[in-house]
Amino acid sequence: MLAASVVVFAGAVGLLVVAYLRRGVRGLPFFGERESVPEGMVLVFGIGVPLVALVALFGVSDVYLVKQTSPPNPSTTAMTINVIGHQYWWEMRYPGTPVITANELHMPVDTRVNIVATSADVIHSFWVPALNRKIDMVPGRRNRVLLYANQPGEYRGQCSQFCGMQHAHMAMIVFAQRPAQYRAWLANEERSAMTPTTAAARAGERDFMNDQCASCHYIAGTPAQGFIGPALTHLADRTTLGANEIPNRPAWLAAWIRNPQAIKPGVRMPDLGLGDNAIGQLVAYLDGLH
Ligand SMILES: [Cu+2]
């Protein structure tokens, strides 16, 4: 399509240059005399060429492109992952397993993955440019798109439908993994959260359950059953926080809990006004959730 548009654009500019060079040739300032432009040229370049070019491009995009990338027939895909858009993060659920995770999507390489996309609030759009076209995430609808990676690696995804203040920072990483690695990841994700082992981490767990954290976040196997924010069951195994906004390291995690609004203004997690001690304990707890 780019090649076709370059040819058409170059043709149009070329005709403009010809017209400019011929200006004033027989009187009129720009286009010469009317008789000097044959009617046939107007029909060919004004109607014929655009008609043929646009119909051809329409055919390419509507038949070829859509066929190549169309929502897969579930019987030809090996697996399904449900992805739910939230302001401003992504929830992933793996049907047939208890796995609920966020912002980092793991999938096996060389496998046709059926993404079922929907939204918990406003319209978002799921887009991992290296792996396929985008698909809108509309509340109450289940749209599908095929994801296929033929190389293991990390692929960046981005919300591509304006969804509010932090829309630009609603990113995602897709980890396409070799099957054995993927199965190991999934097996670990299926487990409930690890029991904290140090005194600080145990105190952090108590804080988490007693504070407001548990009303917004889900940690499998604990009383934390909220779904306003991302599931944190295996938070320590994610590489980023805040939908790919900051690295998942203890100092950044502490900064996030201290005041998420300073990192992602307008985010749906409030500044809870916690002291250093409580923050340290929460970090000790969350950082042990492998
Ligand atoms: Cu969004």
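Here residue 114 meets each of (1) within 16 Å of the ligand (Cβ to nearest atom); (2) in a strand (DSSP E or B); (3) more than 26 Å from residue 235 (Cβ to Cβ) with one exception, condition (1). For the range 70-81, the criterion of being closer than 25 Å to residue 169 by Cβ, in contact with a Ser or Thr (Cβ under 8 Å, 6 or more places away or on another chain) and at pLDDT 95 or above is met by no residue.
Across the range 162-194, the number of residues qualifying as touching a residue at least 60 places away in the same chain (Cβ under 8 Å) and among the small types (Gly, Ala, Ser) comes to 4.
Taking the range 229-246 as the range and being farther than 19 Å from residue 154 by Cα and without any contact (Cβ under 8 Å) to a residue 60 or more places away in the chain as the test, only 232 passes.
Just one of the listed residues (159, 216) is within 16 Å of the ligand (Cβ to nearest atom) and in contact (Cβ under 8 Å) with a residue 40 or more places away in the chain, and it is 159.
Residue 106 satisfies every condition listed in (1) farther than 17 Å from residue 172 by Cα; (2) away from the ligand (no atom under 16 Å from the Cβ); (3) modelled with pLDDT of 95 or more except (1).
Would you mind finding the one in 48, 59 that is modelled with pLDDT of 90 or more and not assigned by TED's automatic domain parsing to the domain that holds residue 154?
Details: 59 fails: modelled with pLDDT of 90 or more.
Matching residue, one of 48, 59: 48.
Consider the range 173-207 and keep the residues that are under 15 Å from residue 108 (Cβ atoms) and aliphatic (A, V, I, L, M). The one that is nearest to the ligand (Cβ to nearest atom) is 174. Taking the range 117-153 as the range and being more than 11 Å from the ligand (Cβ to nearest atom), surrounded by 20 or more Cβ atoms within 10 Å (Cβ to Cβ) and not in a loop (DSSP other than H, G, I, E, B) as the test, the residues that pass are 117, 135, 145, 146, 147.
Among 170, 165, which is within 16 Å of the ligand (Cβ to nearest atom) and surrounded by 19 or more Cβ atoms within 10 Å (Cβ to Cβ)?
On the way: 165 fails: surrounded by 19 or more Cβ atoms within 10 Å (Cβ to Cβ).
It is 170.
With the structure loaded, tell me whether residue 85 is over 12 Å from the mean Cα position of the chain (by Cα) and within 16 Å of the ligand (Cβ to nearest atom) or whether it fails that test. No, not satisfied. Which helices (runs of 4 or more DSSP H) does the range 222-290 wholly contain that include 1 or more residues that are touching a Cys at 6+ places or on another chain (Cβ under 9 Å)? The qualifying helices (runs of 4 or more DSSP H) are 250-258, 276-286.
The values are calculated or read from the model by the stated rules, or taken from the named source; none is laboratory data. This is a predicted model, so every value here is computed, not measured. Neighbour counts are summed over all protein chains in view; Cβ atoms, including those assigned to glycine, are modelled from backbone coordinates with ideal geometry.
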